[in-house]
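These notes are about the structure you will find just below.
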Amino acid sequence: MDCTTWRECASDHIDGTLPAKLAREADAHIVDCAECAADMAGIKSLTADLAAFPTPDVPLYFSDNIVSKIEAQRTAAREPWWRAARLGITTTLAGATVASFVWMQLHPVVDAPNRIRAGAGGTRRAVLPAPVVAPVLNTRWMLHADAARPTYDVELMLLSKSAGTAKCTISGDPHAYRFTLAPGVANHFRIPISLVPNDHVASLNIAWTSGDTTHKRIEHHPLSPETPTPRRQSFGIRDLPIADAAREVSSRYNIPIILEDIPETTRIRVSPIHATAEEALTSALTNTGCTLVTTPDGLYISGK
């Protein structure tokens, strides 16, 4: 056996999977060849060092994440040129995919396929009320309720000329999910409903940046697939941080509520008397400096 043949067989030789005849020839070769013997020792040392690393925990739906990126590239290749132009050049998408994959190896990220078959709840989109002048982060929640493990599939998309980043935390989940945001490129991750506490509302905290701007957002989304209605209620919520009070209102009225750039010290008391969710929060926000806007799919509260 010569050096070239030994190098081709080295991996199988170290793993012990080389056929017996070739294994004997490989053993004989490294006895006579000091260079290959040194290579053999180096490979064994490297293998031992790699084996000493702890096995990382694989994030939920890790395989979905890989398949998602592959499917996104295939879909982009089949789409008309004008759609590819809207989302970005295919080559740029491929580069973003590789960068996203490397990032996810360092940080636990849950991803989901780009095209999710809507469950019983269909799709809820958080439509921001103002025109896109400054960078805006758009989110879309898709309830996938007919699966064995019901989930929310969440899409993040940056509406901006500048790239950005986002860090998301979910109530009940110890992990933080980090994303690199390319303008107009969707990022997806999945929230198992089993993580949601007993009040039946999924809460998502998002810290995101784009250019020189930094924003903090809290989103409350009820799990019920029913369409939000302006039904009137009477109840009392004691003086609470605005995020906690909004969560309670979201649960009572079964309506999504988004809070963006709200000062952490802001507290409100909600005491509606035969009032809709919009009326209840409008009254509670008096003198807080916050504004409330009704969107087609819920309520949006801004601190700026």
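Observations, loosely collected:
- A straight chain from Arg231 to Ala52 at 0.36 nm per residue would run longer than the Cα-Cα distance by 58.4 nm.
- Residues of type lysines that Lys216 reaches as a straight line, Cα spacing below 24 Å, ignoring anything fewer than 8 places off in the same chain: Lys161, Lys167, Lys304
- Around the amide H of Ala202, modelled in the peptide plane, lie the amide H atoms of His221, Leu223, all under 5 Å away and 5 or more residues distant in sequence or on another chain.
- Simple label model, 7 Å out from Cα along Cβ direction - Ile193 to Asp32, nm: 7.0 nm
- Multiplying the residue separation of Ala176 and Leu240 by 0.36 nm and removing their Cα-Cα distance gives an extension gain of 20.5 nm.
- Computed over the Cα atoms of the stretch 3-52, pair by distinct pair, the Kirkwood hydrodynamic radius stands at 11.0 angstrom.
- Rounded to whole numbers, the Karplus 3J(HN,Hα) couplings from phi for the stretch 165-171 are 9, 9, 10, 10, 10, 10, 4 Hz, using 6.51 cos²θ - 1.76 cosθ + 1.60 with θ = phi - 60°, and x at Gly and Pro.
- Taking Lys and Arg as +1 and Asp and Glu as -1, the other residues whose beta-carbon sits under 9 Å from that of Trp6 total -3.
- Spin-label pair Ser162/Thr291, simplified geometry with 7 Å Cα→Cβ offset, distance in nm: 2.1 nm
- Highest-first packing order for the peptide set 34-47, 267-280 is 267-280, 34-47, based on the mean count of other beta carbon atoms within 10 Å.
None of the figures in this text is laboratory data; all of them are computed from the coordinates on show. The shown structure was predicted, so the numbers you read here are calculated from the model rather than taken from an experiment. Cβ: placed from backbone, ideal geometry, glycine included. Neighbour counts: every protein chain shown.
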